[in-house]
1. For the stretch 59-91, what are the residues that are free of Cβ contacts under 8 Å to residues at least 60 places away in the same chain and assigned to a loop (DSSP other than H, G, I, E, B)?
2. Answer yes or no as to whether residue 145 is outside any helix (DSSP H, G or I), exposed (fewer than 14 other Cβ atoms within 10 Å of the Cβ) and either at positive phi or in contact with a helix residue (DSSP H, G or I) (Cβ under 7 Å, 6 or more places away or on another chain) (or both).
3. Scan the stretch 136-157 and report the pairs whose first residue is closer than 20 Å to residue 117 by Cβ and whose second residue is part of a loop (DSSP other than H, G, I, E, B), with Cβ atoms within less than 6 Å and a gap of 6+ or a chain change.
4. Pick from 136, 122: which is closer than 24 Å to residue 40 by Cβ and in a loop (DSSP other than H, G, I, E, B)?
5. Scan 66, 61, 125 and give me the residue that is modelled with pLDDT of 95 or more and within 12 Å of the chain's Cα centre (by Cα).
6. Assess whether residue 162 counts as being touching a strand residue (DSSP E or B) at 6+ places or on another chain (Cβ under 9 Å), farther than 14 Å from residue 53 by Cβ and free of Cβ contacts under 8 Å to residues at least 12 places away in the same chain.
7. Taking the stated definitions as given, is residue 101 on the phi > 0 side of the Ramachandran plot, in a loop (DSSP other than H, G, I, E, B), out of contact with any strand residue (DSSP E or B) (no Cβ under 9 Å at 6 or more places or on another chain) and surrounded by 15 or more Cβ atoms within 10 Å (Cβ to Cβ)?
8. In the stretch 4-58, how many are more than 17 Å from residue 75 (Cα to Cα), out of contact with any strand residue (DSSP E or B) (no Cβ under 8 Å at 6 or more places or on another chain), touching a residue at least 24 places away in the same chain (Cβ under 8 Å) and not in a strand (DSSP E or B)?
């Protein structure tokens, strides 16, 4: 027996029939592909810094920041990711269920995997110790290769990279 009465079931059928499904066959190009800007590559020694102050898995902001910085690394930038505040949680290698490293649901390990890829390709990852402490995260829980940093390093890192003429990308999610 359905939880819906006949009138609701009829309205559901009517609603689904209003638009042809699928409206376009798989593979249909719905969007243009014109790229507006040249495919810039880094100049020799050019640096890139991304600051991440966002809770991993709460939105795509932090994950996209890692992907953008990986792209910058692949374009030849000396690329650094700096996680601070709640962003420090992204650097934990203890994520997983029922055991660490397990994928509890599709995409559960995307952030960890992307950070590990970034490090394996030569990127530098910094993680604020204060951000870690705020969330009970221990240094031994960090993804291998992540460098723990003093809280006062966040501002000084921005100054350091600005003095080098780096591109600085800063992301937050609220």
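1. Hits for the stretch 59-91 are 60, 75, 76.
2. no
3. Between residues of the stretch 136-157 that are closer than 20 Å to residue 117 by Cβ and residues that are part of a loop (DSSP other than H, G, I, E, B), the close pairs are 141/94; 143/93.
4. After applying the criteria, what remains is 122.
5. Within the list 66, 61, 125, the selection yields 66.
6. For residue 162, the condition - touching a strand residue (DSSP E or B) at 6+ places or on another chain (Cβ under 9 Å), farther than 14 Å from residue 53 by Cβ and free of Cβ contacts under 8 Å to residues at least 12 places away in the same chain - is met.
7. Values: on the phi > 0 side of the Ramachandran plot: yes; in a loop (DSSP other than H, G, I, E, B): yes; out of contact with any strand residue (DSSP E or B) (no Cβ under 9 Å at 6 or more places or on another chain): yes; surrounded by 15 or more Cβ atoms within 10 Å (Cβ to Cβ): no.
No: the conditions fail for residue 101.
8. So the count comes out to 3.
The values are calculated or read from the model by the stated rules, or taken from the named source; none is laboratory data. From a predicted model like this one, the values you see are computed outputs, not experimental measurements. FYI the Cβ positions are ideal-geometry reconstructions off the backbone, even for glycines, and counts take in every protein chain you see.
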